[in-house]
1. Name the residues in region 265-291 that are out of contact with any helix residue (DSSP H, G or I) (no Cβ under 6 Å at 6 or more places or on another chain) and part of a helix (DSSP H, G or I), would you?
2. Is it the case that Leu149 is closer than 25 Å to Ala245 by Cα and at pLDDT below 95?
3. I need the full set of residues from region 81-129 which are within 14 Å of the chain's Cα centre (by Cα) and either without any contact (Cβ under 8 Å) to a residue 24 or more places away in the chain or closer than 17 Å to Leu318 by Cβ (or both), in order please.
4. Select from region 314-333 the residues that are surrounded by 21 or more Cβ atoms within 10 Å (Cβ to Cβ) and of a type outside the set (D, E, K, R) and write down the one among them that is nearest to the chain's Cα centre (by Cα).
5. In region 169-190, which residue that is of a type in the set (D, E, K, R) and in contact (Cβ under 8 Å) with a residue 60 or more places away in the chain is farthest from Ala226 (Cα to Cα)?
6. Please verify whether region 162-175 includes one or more residues that are modelled with pLDDT under 95 and under 20 Å from Leu284 (Cα atoms).
7. Assuming Val144 fulfils every condition listed in (1) part of a loop (DSSP other than H, G, I, E, B); (2) touching a Leu at 6+ places or on another chain (Cβ under 8 Å); (3) outside the structural domain of Asp254 (by TED's automatic domain parsing) apart from one, which condition is it?
8. Give the residue that is surrounded by the most Cβ atoms within 10 Å (Cβ to Cβ), with candidates limited to residues of region 129-156 that are in contact with an Asp or Glu (Cβ under 9 Å, 6 or more places away or on another chain) and under 13 Å from His190 (Cα atoms).
Amino acid sequence: MATRQDVARLAGTSPAVVSYVLNNGPRSVAPATKERVLAAVRTLDYRPNAVARSLRMSQTMTLGLVVPDAANPFFAELARSLEDHAWAAGYTLLVGNTVDDPGREAGYIRTFVDRQVDGLVLIPSQGDRPWRAELARSAVPSIVFDRELTGVAASHVVVDNAGGARAATEHLLAHGRRRVGCIAGPVGIHPTVDRVVGWRTALEAAGLRAGSGSGGTTGWEALPEAAPLLHGQFGRLDGYRSGRALLSLDRSVDALFVTSDEQAFGVLRAATELGIRVPEDLALVSFDGIAAGAYTCPALSTMRQPFEGLARTAVRRLLGRMRDPDLPPTRDVLPVSLLARGSCGCLDPAGGEHAPASTPYEAEESRSDG
């Protein structure tokens, strides 16, 4: 294996100059000398010792990402976008999958801190969060992504969940649907809370009533005329179970706002088994905009999250905190956009193909990048 001394010998210079070239400083190097060093690096296939470099520079050039469920395509697509932007900035992204287990979440955060990652992106799981104090003591720069933590002085990068849910429900109402139920995610976490608020706000603005169901109830018991609400997990199985339960009990529901695409896939299955046609009998709009939504039948109408914009913003904010840990917490809220397909009654594109328009945020980012 080639060493730095071997590179210096072949380039006709000193090991120190090789170091200046590879580290972009601290001293400048003449262009001709720099080209000789880089040519020698290529010829010898020289690879610097990353461990030694990290010890010298107090950097490991790694970032940690903690996700609740790596099997969920939404988190997989987010992670891929984050990895792309981290890699472009010169960092390797390490991913920890907590499977919504607070103990495992704490273990991953502890492991990343022990491995001296330069920064952390956290998508918190449900339940207790015993890692808060430990992370604060470690002083590792971090941001909270996708979800929100109340009572924590942390930077957040999220989307407009309430506004997106309201827009989705208003779109269903614009199709002439009047009994718009909601199949929601877990009780108490902010994507669910905010999306239910948006659904409720849209119905009430239209002079309709919204149920207040939680756990295994729908709200019919207290307010039968209200549009039903049923909570479950963010997954296909819970979407199927919730959809089957709600649609079996209330065939008058003519539309559903579903708080995640993964749940919506299960709802589509439940509707088919019950002989309910989508969109003729039941119009449906969900939330997230993952790639698989283009290939259901009919294709899924959904509020599309700007994956690239979210990842770009998160990495930029995290790198900023790594440069200056004393920066005050920030809160970025990115807009979502309606991706109208066949499940709501709009035109169903052949083969599920659809070229979504950029969100206002992405359009602005594109102009600034150019």
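The values are calculated or read from the model by the stated rules, or taken from the named source; none is laboratory data. In this text the structure is predicted, and so the values were computed from the model without any measurement. A quick note on method: Cβ atoms are made from the backbone with ideal geometry, for glycine too, and the neighbour counts reach across all protein chains shown.
1. Leu268, Ala271, Thr272, Glu273, Ala291
2. No: the conditions fail for Leu149.
3. Ser81, Leu82, Glu83, Asp84, His85, Val95, Val121, Leu122, Ile123, Pro124
4. Ala314
5. The selected residue is Arg177.
6. Checking region 162-175: not a single residue is modelled with pLDDT under 95 and under 20 Å from Leu284 (Cα atoms).
7. For Val144, the exception is condition (1).
8. The residue in question is His156.
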